[in-house]
1. Just to be sure, is Leu49 modelled with pLDDT of 95 or more and open to solvent by 20 Å² or more (accessible area, probe 1.4 Å)?
2. Taking Gln62 as meeting all but one of (1) of a type in the set (S, T, N, Q); (2) at pLDDT 95 or above; (3) open to solvent by 20 Å² or more (accessible area, probe 1.4 Å), write down the number of the exception.
3. Across segment 91-117, what is the number of residues that are free of Cβ contacts under 8 Å to residues at least 60 places away in the same chain and more than 24 Å from Asp65 (Cα to Cα)?
4. Kindly provide the set of residues from segment 76-100 that are hydroxyl-bearing (Ser, Thr, Tyr), in contact with an Asp or Glu (Cβ under 9 Å, 6 or more places away or on another chain) and either under 14 Å from Leu112 (Cα atoms) or open to solvent by less than 10 Å² (accessible area, probe 1.4 Å) (or both), ordered by number.
5. Can you pull out the helices (runs of 4 or more DSSP H) entirely within segment 21-85 that have at least 3 residues that are out of contact with any Pro (no Cβ under 7 Å at 6 or more places or on another chain) and among the aromatic types (Phe, Trp, Tyr)?
6. Do we have any residue at all in segment 21-39 that's touching a Leu at 6+ places or on another chain (Cβ under 7 Å) and surrounded by fewer than 18 Cβ atoms within 10 Å (Cβ to Cβ)?
Amino acid sequence: MKEIEILSKTASLLIHAAKMDENYTEKEKSIIKKTMIELGVNENDLNNLMLDAEKNEKNSNQILDFTKILKATKSSFKVKLVESLWKIIYSDMSSDMFEDNLMRRLTGLLYLDKKMVGDIKEKIKEDLNK
């Protein structure tokens with residue numbers, strides 16, 4: 001049960017990040033789906049997970065609903081989460097102050113190393129420029 005909840009909260013958080021700029025694109029949905037499969041979601045369960053996560057994100061009024069359970073996950077899980085968040089944010093080739101603020105808040109809420117988050121951001125930006 002807890003693993004399902006972690007995956008659901010992860011998808012909800014990724015959807016929240018995708019909606020920050022009020023433009024939830026197919027490219028962002030694709031990044032989220034790919035991430036969820038990489039994190040262990042069975043492809044047969046993916047659409048139901050996405051529907052539930054979209055509903056949870058819509059009905060949530062704060063990111064604490066998503067981060068409460070995620071802060072206890074393994075470091076490797078958090079790295080994957082941060083990579084995906086930056087991929088979503090930069091899927092339109094830029095970030096705005098709301099997306100940057102989200103990442104600053106998540107860094108604290110998930111007990112992430114600021115340098116690690118910054119390094120991942122730079123790697124994602126570099127990869128996009130190739």
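The values are calculated or read from the model by the stated rules, or taken from the named source; none is laboratory data. Small disclaimer: the values here were computed from a predicted structure and weren't measured. We place every Cβ from the backbone using ideal geometry, glycine too, and count neighbours over all the protein chains shown. Accessible surface is based on the protein model in full, side chains and every heavy atom, while ligands, DNA and RNA are left aside. Shrake-Rupley method; radii C 1.70, N 1.55, O 1.52, S 1.80 Å.
1. Working: modelled with pLDDT of 95 or more: yes; open to solvent by 20 Å² or more (accessible area, probe 1.4 Å): yes.
In short, yes.
2. The failed condition is (2).
3. Selection size over segment 91-117: 3.
4. Ser84
5. Details: elements: 26-38, 43-59, 64-70.
Where helices (runs of 4 or more DSSP H) fall fully within segment 21-85, none carries at least 3 residues being out of contact with any Pro (no Cβ under 7 Å at 6 or more places or on another chain) and among the aromatic types (Phe, Trp, Tyr).
6. If we filter segment 21-39 for residues that are touching a Leu at 6+ places or on another chain (Cβ under 7 Å), which is where we start, we get 32-33, 35-37, 39.
Among the residues that remain, those that are also surrounded by fewer than 18 Cβ atoms within 10 Å (Cβ to Cβ) are: 37, 39.
Looking through segment 21-39, at least one residue is touching a Leu at 6+ places or on another chain (Cβ under 7 Å) and surrounded by fewer than 18 Cβ atoms within 10 Å (Cβ to Cβ).
Residues are listed down the side, and each one gets a yes or a no for (1) out of contact with any helix residue (DSSP H, G or I) (no Cβ under 8 Å at 6 or more places or on another chain); (2) of a type outside the set (A, V, I, L, M); (3) closer than 12 Å to Leu13 by Cα:
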site	(1), (2), (3)
Val41	no, no, no
Met50	no, no, yes
Lys74	yes, yes, no
Leu81	no, no, yes
Tyr90	no, yes, no
Phe98	yes, yes, no
Asn101	yes, yes, no
